[in-house]
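Right, one structure below, let's go through it.
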Amino acid sequence: MKLSKNFDSEEFDCRCGCDVTGEHMDKNFIDVLQQIRTQCGFAFNITSGIRCESHNEYVGSSSRSKHLKGIACDIYI
């Protein structure tokens, strides 16, 4: 599913393969991320988007991680 001009929901799927998908990313967050992408003028890869609680714990992140709410992502340039 297309979330914005440059981002598809699959890029934000939880990396453990569960049913927590990028379709659950916060729309306002994606809008801001798209603005950043547009201003940068170059692509960047999403290395971690939304996470389920199990995967979030597995990667050693905080139980209050914004990844759990779909309002954070890690990128690689």
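The values are calculated or read from the model by the stated rules, or taken from the named source; none is laboratory data. In this text the structure is predicted, and so the values were computed from the model without any measurement. Cβ placement follows ideal geometry from the backbone for every residue including glycine, while neighbour counts extend to all protein chains displayed. Ligands, DNA and RNA are stripped out before the accessible areas are found, and what is left, the full protein with its side chains, is counted by its heavy atoms. Shrake-Rupley method; radii C 1.70, N 1.55, O 1.52, S 1.80 Å.
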- request: Could you run the Debye sum over the Cα atoms of the chain, one equal point scatterer each and no solvent, and tell me log10 of I(q)/I(0) at q = 0.27 Å⁻¹, two decimals?
  value: -1.32
message: To make sure I understand the rule: partners must be lysines, Cα under 17 Å from the Cα of residue 66, and not fewer than 8 residues away in the same chain. Which ones qualify?
response: 27
message: If DNA, RNA and ligands are ignored and the probe is 1.4 Å, what is the ranking of 25, 1 by accessible area, most exposed first?
response: 1, 25
- request: For residue 6 and residue 64, calculate 0.36 nm times their separation in residues minus their Cα-Cα distance, and state this gained length in nm to one decimal.
  value: 18.1 nm
field: Nearest-20 debye value, the chain charge dipole, Cβ charges on Lys, Arg, Asp, Glu
entry: 260 debye
statement: Along the stretch 56-68, Karplus-curve 3J(HN,Hα) (6.51, -1.76, 1.60; θ = phi - 60°) to the nearest Hz, with x for Gly and Pro, reads 4, 5, 4, 7, x, 8, 5, 5, 10, 4, 6, 4, 5
statement: Note, the stretch 22-29: 3J(HN,Hα) by Karplus (6.51, -1.76, 1.60, θ = phi - 60°), whole Hz, Gly/Pro = x, goes x, 5, 8, 5, 5, 4, 5, 4
- request: Of the options 42, 24, 63, report the single residue whose Cα projects farthest towards the positive end of the charge dipole of the chain (beta-carbon charges: Lys, Arg +1; Asp, Glu -1).
  value: 42
field: Relative contact order (percent, whole number), the stretch 20-77, Cα cutoff 8 Å, 6+ residue spacing
entry: 44 percent
query: Using a 1.4 Å probe on the protein chains only, how many percent of the accessible area of the chain belongs to carbon and sulfur?
result: 49 percent
